[in-house]
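Beneath this line is the structure, given in structure tokens, with notes to follow.
The values are calculated or read from the model by the stated rules, or taken from the named source; none is laboratory data. All values derive from a computational prediction rather than experimental measurement. Heads up, the Cβs are rebuilt from the backbone with ideal geometry, glycines too, and the neighbour counts pull from every protein chain shown.
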Amino acid sequence: MASRILILVELRGGNDGLNTVIPYADPKYRELRGDIALPRERTLQLDERVGLHDKLEPLMDSWKAGDLAILQGVGYPYQNRSHFRSIEIWDTASASSQTLSEGWIAQAFQGVVVPKGAGVDGIVVDTNSVPLTGPSLRTIVMQDAENFLRQAQAMKTMPDRTDDGNPALRHLLAVRHEVNAAAVGLRDRLHETPQPAFAYGQETGLGRQLDLATRLVAARVPVLAIKVAMGGFDTHANQTPPHERLLGVLAANLALLRKNLMAAGRWDDVLVMTYSEFGRRVRPNASGGTDHGSAAPQFILGGGVKGGLYGVYPSLADLQDGDLKHTVDFRSVFASVAQGCWGLQRDFGLRQPQRLDFLAA
Amino acid sequence: MVHLDRRVFVTGAAALAVSGGLSRTARATSSMGFDEARHLLSRAGFGPTPAEIRALEALDYAGAVDKLLAAFQPKAATVAPAWVNDGLGALRQKQQAMAKTTGDGKAVQVQPPLQEQSRQLRNWWIEEMVATDQPLVEHMVLFWHNHFTSSLTKTYYPGSLYQQNEMFRQSALGNFAALLKAVPRDPAMLLYLDGVRNVARQPNENFARELLELFTLGEGHYTEGDIKAAARAFTGGSIDRATGQFVFREQAHDGGEKTFLGQTGRFGGDEIIAILLNHPRTAETIVEKLWREFVSLKPDRVEIGRLAAVFRASGYEIKPLMRALFLSPSFRDPANRAALIKSPVDLIVGTVRVLGLPVPEKTQLARMMGGLGQSLFNPPNVKGWAGGESWITAYTLLQRQQILRRIVEATTVSQMEGMGGRRMDRRQGQPAMEDTQQMMEPRPVEGRSLRNSGSEARLGPTLIGVDATTLMLTLLPRAPIDAVETRGVPGAVVAAALLDPAYQLK
């Protein structure tokens, strides 16, 4: 079974895909986007049609080395424009009209015997653990490993008592049990792991989270997935300065992650994937921002990744109620990741998932 | 040695009555008893003390509920910070003045006005929650804050959040229809959900969408077209830049015809609200949320429907609804005791209240709540705090235990004694920097370990002189999970109860 650690990077709030991967050659881009269109000279050309925002320049090393895949036009039919609902659709790999309770990674591992490893299968460094939530996985939410271990040590390891059919108590005791089991597995491994070779900026949440993710991977903690997140992408007003800042922070930190995991000899063993609940409307609103839209690109990085552009950029001449029509269903992406990271064949409810061979078999 | 087993908890007040100490209360046959009084008070407010529980236990249950819901003060007793009624202009001036004083190269160690006001605002509310004699009102204000969410991080205007809190306080147990009408004119809400940007020329749908999705009908009961129509109806609502108060700008209002939920007219915001109040989903949405907050994490469709009918029949009066909710068989069902997880506010405020901790500076309490995922005036998003089981993750469970352990190990003997006590001695001679760091740590008050000081440990005024059995029955909503030897020493009993997982429940 192929085995790569998936590092999920959630971009919270709905990232403006049109100003991330830019269809610069299409005159409609400037026409429709008006004041918030990125000038041609600031676009980093990827091919004769699309380019990256220049704030993403730190990702160009990865692009040139051929280990950055860019998936274009990812979304799903009947786009839901509620943040909560749409991220739930992504996190649980559901159809727009369907409500599922388990995270997509937990679903992928249903019926699979997961090796006992570190006593933990998924580590969530931010606060949204939905993709990794389900009975098949032992997932912990951990924001600060040192603190976590210190506190876990102080917590008594008592045999867990009966919950008397009380779901709140059952949850409490299950979490306590998880903490104790996970702490035992992680304690020794993290203890002797050196700091990342290239320091992350500690002033951003993403830098701090990736610092921990790097140490977990370098320490060879045998988890299936690690999740981090970055907020602030809900740019309804005057979006250009904040959105550029966000892209800069994202690119700089992903570039550091790549360098660090290469230095630790682990770059071939991970797959990094960004995603967001939706892209944004094609036309800006009157406040110089953009409202909730539909399809958007995803970045996929890793030593085993075959770099390049995947899928088709949605047409700016063929919009649906002013929104991009998705060309790749996100569940096809998940299916390719499940195959490439864990050797699991899953269709996530799609009759025929599209084959996206961004990973060597 | 006091070892409490399940039987004591199952039989509850009956066992207490037999034990002799409380037999006087058991005479009235209709009296509800200690455990039900504790249940009612811990759900309605935060961390009831033995004295508060005893004051209710002899009453019959309906009488106790009526007492809880009797006349309430719609104004906070805690004095608000001086700036709360400053306009938006005044805040901007302070910020500019601040920029000038720091610009000339001198290191001025003052908090920027926005952060400082935010800190003072949180402290003000926490102080009110700790000191109030009507904790149900605070619980309801918190409920409305979590329903009609607005946050400091988006509004950048603490004065507006104070005004919003006053609005929730007015309507805490008042009339929901009046509250729903006031919300679209609330300055914090206008900033938070971009109402100020919602103009006829280009409607901004943010408020309209959340009004339908989260505040009233819920997903699946409206169309995208209804959102667009509602957004148009609310155009023109804005706030005055200088005063920060609501203004209606006629020229920005779309006076045209709209079709909303099947009705057509030249609707303004008030008409939209009226249509929503006529829709059965609105009452259901509120009752579903109250059920989760006060009764159980498991919804009961039939009961929720019944209570929603009570709510609508009363013209959206909140008091009769809460009365019906507290009197419902589900609320009283012993199987629903210890069935809710305490929110961070509940945990921190409740602990301070029940222990009678003197905490003159509330900043550290606010920081604890933030660390546990509930930073007041900063809900994580427009949906508010998800609550329920999501309060407890591996991370927050460890944080909760750590905070409680600190309270037990390093605090709480009595009144201000600790301030001149051990920790001060220990700190002497240490560099100033470290001293500041220690002050920054979340430590409620100073003192000696409850657990290890034996009979020397003195409890605060709320718990002093209370026997070990009553302490356990006050602090825990069910039998303890972990068996701990306490030898019946009150300080050790309190410590064991606070560190038991059952303390996370109510």
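Checking A:Leu18 against (1) over 28 Å from A:Arg266 (Cβ atoms); (2) over 19 Å from the mean Cα position of the chain (by Cα): exactly one of these is not met. Which one?
Checking A:Leu18 against (1) over 28 Å from A:Arg266 (Cβ atoms); (2) over 19 Å from the mean Cα position of the chain (by Cα), the one that fails is (2).
Pick from region A:285-306 the residues that are in contact with a helix residue (DSSP H, G or I) (Cβ under 6 Å, 6 or more places away or on another chain) and surrounded by 24 or more Cβ atoms within 10 Å (Cβ to Cβ): which of them is nearest to A:Leu319 (Cα to Cα)?
Checked region A:285-306; the qualifying residue nearest to A:Leu319 (Cα to Cα) is A:Ala296.
List the number of the failed condition for A:Phe278; all other conditions in (1) more than 18 Å from A:Arg33 (Cα to Cα); (2) within 14 Å of another protein chain (Cβ to nearest Cβ) hold.
(1)
Here's the yes/no breakdown for (1) polar (S, T, N, Q); (2) in contact with a helix residue (DSSP H, G or I) (Cβ under 8 Å, 6 or more places away or on another chain); (3) at pLDDT below 95; (4) surrounded by 14 or more Cβ atoms within 10 Å (Cβ to Cβ):
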| site | (1), (2), (3), (4) |
| --- | --- |
| A:Glu10 | no, yes, no, yes |
| A:Ile22 | no, yes, no, yes |
| A:Pro27 | no, no, no, no |
| A:Leu32 | no, no, no, yes |
| A:Leu52 | no, yes, no, yes |
| A:Lys64 | no, no, no, no |
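Hey, can you tell me all the residues within region A:152-169 that are closer than 21 Å to B:Gly373 by Cβ and at pLDDT 70 or above?
Residues satisfying the conditions are A:Ala152, A:Pro167, A:Ala168, A:Leu169.
Return a yes/no flag: does region A:14-28 have any residue that is within 30 Å of B:Gly220 (Cα to Cα) and within 14 Å of another protein chain (Cβ to nearest Cβ).
yes
Determine whether A:Ala219 is away from chain B (no Cβ under 13 Å), in contact with a strand residue (DSSP E or B) (Cβ under 6 Å, 6 or more places away or on another chain) and surrounded by 19 or more Cβ atoms within 10 Å (Cβ to Cβ).
no
For the condition part of a loop (DSSP other than H, G, I, E, B) and among the aliphatic types (A, V, I, L, M), what is the one hit in A:Leu350, A:Leu309?
A:Leu350
Which ones in region A:114-125 are assigned to a loop (DSSP other than H, G, I, E, B) and at pLDDT 85 or above?
Matches in region A:114-125: A:Asp121, A:Val125.
Report, by residue number, each residue of region B:161-205 that is in contact (Cβ under 8 Å) with a residue 24 or more places away in the chain and over 24 Å from the mean Cα position of the chain (by Cα).
Once the filter is applied, which keeps residues that are in contact (Cβ under 8 Å) with a residue 24 or more places away in the chain and over 24 Å from the mean Cα position of the chain (by Cα), region B:161-205 yields B:Gly195, B:Val196, B:Asn198, B:Val199, B:Ala200, B:Arg201, B:Pro203, B:Asn204, B:Glu205.
Would you be able to tell me the number of residues in region B:40-76 that are of a type in the set (Ser, Thr, Tyr) and either farther than 19 Å from B:Thr462 by Cβ or part of a helix (DSSP H, G or I) (or both)?
Final tally of qualifying residues: 2.
It is to be established whether one or more residues within region A:189-205 are in a loop (DSSP other than H, G, I, E, B) and buried (at least 24 other Cβ atoms within 10 Å of the Cβ).
no
Residue by residue through region A:125-140, note down the ones that are under 19 Å from A:Ile89 (Cβ atoms), among the aliphatic types (A, V, I, L, M) and either within 10 Å of another protein chain (Cβ to nearest Cβ) or surrounded by fewer than 23 Cβ atoms within 10 Å (Cβ to Cβ) (or both).
Scanning region A:125-140 gives a single hit, A:Val130.
Could you check how many residues of region B:167-210 are of a type in the set (Val, Ile, Thr), out of contact with any Leu (no Cβ under 9 Å at 6 or more places or on another chain) and under 17 Å from B:Thr285 (Cβ atoms)?
Total meeting the criteria: 0.
Out of all the residues in region B:377-404, which are more than 8 Å from chain A (Cβ to nearest Cβ) and over 18 Å from the mean Cα position of the chain (by Cα)?
Matches in region B:377-404: B:Ile403, B:Leu404.
If I filter region B:332-373 down to residues being of a type in the set (Lys, Arg) and away from chain A (no Cβ under 14 Å), which single residue comes out as nearest to B:Ala37 (Cα to Cα)?
The residue in question is B:Arg332.
Need pairs with beta-carbon distance below 8 Å; first residue more than 24 Å from B:Lys289 (Cβ to Cβ) and within region B:385-401, second modelled with pLDDT of 95 or more; sequence gap 6+ or separate chains.
Partner pairs satisfying both residue conditions: B:Leu397/B:Gln504.
State all residues of region B:307-317 that are aliphatic (A, V, I, L, M), surrounded by fewer than 23 Cβ atoms within 10 Å (Cβ to Cβ) and touching a helix residue (DSSP H, G or I) at 6+ places or on another chain (Cβ under 6 Å); if no residue qualifies, say none.
B:Ala308, B:Val310, listed by residue number.
Looking at (1) in contact with a His (Cβ under 6 Å, 6 or more places away or on another chain); (2) modelled with pLDDT under 95, find the lone condition where B:Pro299 falls short.
Exception for B:Pro299: condition (1).
So that you can scan it fast, the table gives a plain yes or no per residue for (1) more than 14 Å from every other protein chain (Cβ to nearest Cβ); (2) in contact with a Ser or Thr (Cβ under 7 Å, 6 or more places away or on another chain):
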| site | (1), (2) |
| --- | --- |
| B:Leu214 | no, no |
| B:Gly220 | no, no |
| B:Phe234 | yes, no |
| B:Thr243 | yes, no |
| B:His253 | yes, yes |
| B:Asp270 | yes, no |
| B:Asn278 | yes, no |
| B:Thr282 | yes, yes |
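May I ask you to list the residues in region B:306-357 that are small (Gly, Ala, Ser) and under 26 Å from B:Asp133 (Cα atoms)?
Within region B:306-357, B:Ala324, B:Ser328, B:Ala338, B:Ala339, B:Ser343, B:Gly350, B:Gly356 qualify.
Only one of A:Ala213, A:Ala251, A:Ala225 is surrounded by 23 or more Cβ atoms within 10 Å (Cβ to Cβ), touching a Pro at 6+ places or on another chain (Cβ under 9 Å) and under 24 Å from A:Trp90 (Cβ atoms); which?
Going through A:Ala213, A:Ala251, A:Ala225 in turn, the sole match is A:Ala225.
Could you tell me whether A:Val249 is part of a strand (DSSP E or B), at pLDDT 95 or above, of a type outside the set (D, E, K, R) and touching a strand residue (DSSP E or B) at 6+ places or on another chain (Cβ under 8 Å)?
Judged against the criteria, A:Val249 is not a match.
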